[in-house]
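Student: What follows is a single structure, and I will ask about it in a moment.
The values are calculated or read from the model by the stated rules, or taken from the named source; none is laboratory data. Note that this is a predicted model, so its numbers are computed, not measured. For neighbour counting, all protein chains shown are included, and Cβ atoms are generated from backbone atoms with ideal geometry for every residue, glycine included. The area values use the complete protein model at the heavy-atom level, side chains included, leaving out ligands, DNA and RNA. Shrake-Rupley method; radii C 1.70, N 1.55, O 1.52, S 1.80 Å.
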Amino acid sequence: GLVRNKTSEHIDADTYIKKLELAIFNSGVADLVESDGFRDKLREERAQQQDFADPATAAKWGKETGANLILFGDMTSETDVYQKKRVVNYTTTLFLTDMETNRRVWYGQNEIKKYVRN
């Protein structure tokens with residue numbers, strides 16, 4: 001799915017998602033399927049194989065594994081200033097949605113505070 005960066009800073013959401021994917025993959029709790037952008041590249045390669053590869057070795061159409069769940073979320077930040085101290089509170093909220101029923105089956109939220117001196 002999509003994890004949007006709604007902060008005013010450049011934060012690469014993909015870095016967090018890759019860490020989450022790695023943890024899921026290494027735990028063996030669930031299987032992962034490729035993202036939409038990566039699937040498009042795979043499908044393009046599969047299409048080319050139909051014309052240029054030996055039919056005995058070409059990847060077959062219609063064999064992809066469908067996803068059961070999709071991850072969405074947001075990264076936000078709030079800044080509090082008191083005297084000469086500034087605190088930035090970053091919040092990441094993620095949720096999993098069942099692809100078939102559209103039910104949200106899990107919520108997760110994490111906060112990090114950054115203290116900044118001027």
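Student: Taking just the alpha carbons, could you work out the radius of gyration and Dmax for the chain, both in angstroms?
Tutor: 20.1, 72
Student: What number comes out for accessible area per residue over the chain if the probe is 1.4 Å? Units Å², please.
Tutor: Working: 9810 Å² over 118 residues.
The answer is 83 Å² per residue.
Student: In degrees between 0 and 90, to the nearest 10, how far off the longest principal axis of the chain does helix 36-52 point, with axes built from Cα atoms?
Tutor: Helix 36-52 and the main axis of the chain meet at about 20 degrees.
Student: Here is a further query. Helix 13-27: angle to the longest alpha-carbon principal axis of the chain, degrees 0 to 90, nearest 10?
Tutor: Computed tilt is about 60 degrees.
Student: Another one. Pop out the carbon and sulfur fraction of the accessible area of the range 54-118 as a percent, whole number, probe 1.4 Å.
Tutor: Working: 2710 of 5370 Å².
C and S atoms contribute 51 percent here.
Student: From the Cα gyration tensor of the range 49-118, with a ≥ b ≥ c the square roots of its eigenvalues, which class applies: rounded if a/c is under 1.5, or else prolate if a/b is larger than b/c, or else oblate? The partial results should precede the final answer.
Tutor: On the way: a/c = 7.04, a/b = 2.50, b/c = 2.81.
Oblate, because a/c is 1.5 or more while a/b does not exceed b/c.
Student: Okay, next question. Using a 10 angstrom Cβ neighbour count of at most 13 plus a DSSP loop assignment to flag exposed trypsin sites (Lys or Arg not before Pro), which longest range of the chain is free of such sites? Show your work: numbers first, answer last.
Tutor: Numbers: sites that count: Lys6, Lys60, Lys63, Lys84, Arg103.
My reading of the result: 7-59 is the longest stretch.
Student: Count of lysine pairs in the chain with Cα atoms under 17 Å apart, counting only pairs 8 or more residues apart in sequence or on different chains?
Tutor: Values: Lys6/Lys113; Lys6/Lys114; Lys41/Lys60; Lys41/Lys63; Lys84/Lys113; Lys84/Lys114; Lys85/Lys113; Lys85/Lys114.
Value for the chain: 8.
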